[in-house]
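K.L.:
Got a structure for you, written out below as structure tokens; questions coming shortly.
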Amino acid sequence: MMEPLHTQRSSGRIIICISGLAGSGKSTAARRIAEHYGLKYYSGGDALKAVAAEMGYGTMDRGWWETERGMLFLDERLRNLDLDRRVDEKMIEWAKEGNVVLDSWTMPWLLGEGFKIWLEASEEVRAQRIANRDGISIEEALKRMRERERKTKEIYMRLYGFRLGEDFEPFHVILDVNNLDQNDVFKALCLIIDNMVFRRRA
């Protein structure tokens, strides 16, 4: 098993990591938080999709990760773990710049700094959200979601030794979003960040 990557501490700079399984709303929340606080936004998922596009995968479909092409790329990542490692190295470079919001499954474990938030939602709630987003049945959304998560968890266990969605040691806050809409999540995160990041620094 490869050793986890780490970054040096960048004094006085803001690094916020937002994580959560598919359908938890992490990407939407991370973008809004970055815009609200005037921070740069970087997405591990977007970086991986850029790698897929370079390899000839079409990545423009709605809910691409759960499509057949998205699952084929996931199999490619399982065969070549260096694809993920290269993306994670790039994410760490962005983190070193500071004043960033990172939408990522790996950065909470790989960074030795930053404020780390996990958005927790049940499998049923997440499947419903994915079904609504992609225009598919809940049963199909659940099937695709479980397959993707099984393989993704295998990648990160083999690379870094953590269990995605099961290990929460790196996180400062776990926010239950099962009964919250996007605006509720945004307001809750602003309250948390105002009090636990900016006020603490002041």
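K.L.:
Net charge within 15 Å of Arg163 by Cβ-Cβ distance, Lys/Arg positive one each and Asp/Glu negative one each, not counting Arg163 itself? The partial results should precede the final answer.
P.N.:
Values: positive: Arg150, Lys151, Lys153, Arg158; negative: Glu120, Glu149, Glu154, Glu166, Asp167, Glu169.
It works out to a net charge of -2.
K.L.:
Same structure again: Taking θ = phi - 60°, what integer Hz values does the Karplus form 6.51 cos²θ - 1.76 cosθ + 1.60 yield along the range 97-109, in sequence order, with x for Gly and Pro?
P.N.:
Per residue, the Karplus-derived 3J(HN,Hα) values read 5, x, 6, 9, 10, 10, 9, 7, 8, 9, 4, x, 8 Hz.
K.L.:
Now, a different point. Any of Lys26/Lys49; Lys143/Lys187; Lys49/Lys187; Lys90/Lys143; Lys116/Lys187; Lys49/Lys151 with alpha carbons more than 24 Å apart? Name them for me.
P.N.:
On the way: Lys26/Lys49 17 Å; Lys143/Lys187 32 Å; Lys49/Lys187 29 Å; Lys90/Lys143 31 Å; Lys116/Lys187 17 Å; Lys49/Lys151 16 Å.
Too far apart for the 24 Å limit: Lys143/Lys187; Lys49/Lys187; Lys90/Lys143.
K.L.:
Determine the relative contact order of the range 15-201: mean sequence separation of Cα pairs under 8 Å and six or more apart, normalised by residue count, in whole percent. All intermediate terms of the calculation are to be shown ahead of the outcome.
P.N.:
On the way: 234 pairs, mean separation 62.5, N = 187.
Answer for the range 15-201 is 33 percent.
K.L.:
Let me ask something else about it. Amide H to amide H under 5 Å from Ser43: which residues, 5+ apart in sequence or cross-chain, H placed 1.01 Å off N in plane?
P.N.:
Under 5 Å from the amide H of Ser43 lie the amide H atoms of Asp103, each far enough along the sequence or on another chain.
K.L.:
Can you tally the net charge around Gly56? Count Lys and Arg as +1, Asp and Glu as -1, for every other residue whose Cβ sits under 12 Å from the Cβ of Gly56. Don't jump to the answer; show the numbers that get you there.
P.N.:
Numbers: positive: Arg69; negative: Glu54, Glu76.
Residues close to Gly56 contribute a combined charge of -1.
K.L.:
While we're looking at this one, here's another question. Sequence-distant or interchain residues sharing an amide H contact under 5 Å with Lys116, placed H: which?
P.N.:
Under 5 Å from the amide H of Lys116: Cys17, His172, Val173.
K.L.:
Moving to a separate point now. Using θ = phi - 60° and the Karplus relation 6.51 cos²θ - 1.76 cosθ + 1.60, list the HN-Hα couplings for the range 84-96 in order, rounded to whole Hz, with x at every Gly or Pro.
P.N.:
Each residue of the range 84-96 in turn: 5, 4, 5, 5, 5, 4, 5, 4, 5, 4, 5, 4, 4 Hz.
K.L.:
Grab the beta carbon distance between Thr28 and Phe198, set R0 = 22 Å, and tell me the FRET efficiency rounded to 0.05. Walk me through the numbers on the way to the answer.
P.N.:
On the way: r = 22 Å, r/R0 = 0.98.
E between Thr28 and Phe198, to the nearest 0.05, is 0.55.
K.L.:
Given +1 on the Cβ of Lys and Arg, -1 on the Cβ of Asp and Glu, and no further charges, what dipole in debye does the chain carry about its Cα centre, rounded to the nearest 20? All intermediate terms of the calculation are to be shown ahead of the outcome.
P.N.:
Working: 32 positive and 33 negative charges, 99 e Å.
About 480 debye.
K.L.:
Next question. May I ask you to evaluate 6.51 cos²θ - 1.76 cosθ + 1.60, the Karplus curve with θ = phi - 60°, for each residue of the range 124-136 and list the ³J(HN,Hα) values in order in whole Hz, giving x for glycine and proline?
P.N.:
5, 5, 5, 5, 4, 5, 5, 4, 5, 5, 9, x, 10
K.L.:
Which listed residue (Ile16, Gln128, Ile117) has the Cα farthest towards the positive end of the charge dipole for the chain, taking +1 on Lys and Arg C-beta and -1 on Asp and Glu C-beta about the Cα centre?
P.N.:
Checked the options; the winner is Ile16.
K.L.:
Let me ask something else about it. With Cβ to Cβ distances under 11 Å as the rule, what net charge do the other residues near Ser122 carry (K, R +1; D, E -1)? Don't skip to the end; give the middle numbers.
P.N.:
Working: positive: Arg126, Arg129; negative: Glu120, Glu123, Glu124, Asp176.
Here the count lands on -2.
Since every read-out is calculated from the coordinates, none of them should be taken as a lab result. Small disclaimer: the values here were computed from a predicted structure and weren't measured. All Cβ positions, even for glycine, are placed from backbone atoms using ideal geometry, and neighbour counts span all protein chains on display.
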